[in-house]
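The values are calculated or read from the model by the stated rules, or taken from the named source; none is laboratory data. Here the structure is a predicted model, which is why all the values come from computation and not from measurement. Don't worry about glycine lacking a Cβ; one is built from the backbone with ideal geometry, like all the others, and counts go over all protein chains shown. In case anyone asks, the SASA skips ligands and DNA or RNA and just uses the protein heavy atoms, side chains included. Shrake-Rupley method; radii C 1.70, N 1.55, O 1.52, S 1.80 Å.
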Amino acid sequence: MINRHFIAREEDYSMARTFQRGIEFLDQNGQADNWFLQLECFDPHEPFAAPEAYREHYPTG
């Protein structure tokens with residue numbers, strides 16, 4: 001829960017950060033040979049969190 005204090009924007013979520021780093025890797029290494037990029041974005045740990053803009057579509061109380 002303490003980590004949520006550091007998530008102020010959508011870009012701060014771990015999923016967004018993971019994909020941003022993947023895009024940076026592709027930008028830097030896309031023309032190179034013999035590499036394989038796999039982005040692992042599964043997060044099995046609760047509590048699950050999402051930006052308010054996504055949650056407002058699915059009110060659950």
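Remarks
- Fraction of accessible area attributable to carbon and sulfur, the chain (%, probe 1.4 Å): 53 percent
- Note on Cα extents along the principal axes in Å: of the candidates (1) 45, 30, 18; (2) 34, 25, 14; (3) 50, 25, 21, the value calculated from this structure sits at (3).
- Computed over neighbours whose Cβ is under 14 Å from that of Leu37, the net charge equals -3, Lys and Arg +1, Asp and Glu -1.
- For the chain: accessible area per residue (Å², 1.4 Å): 97 Å²
- Acute angle (nearest 10 degrees) that the helix 14-29 long axis makes with the longest principal axis of the chain, alpha-carbon atoms: 10 degrees
- Size of charge dipole - the chain - debye, nearest 20, with Cβ of Lys, Arg +1 and Asp, Glu -1, no other charges: 140 debye
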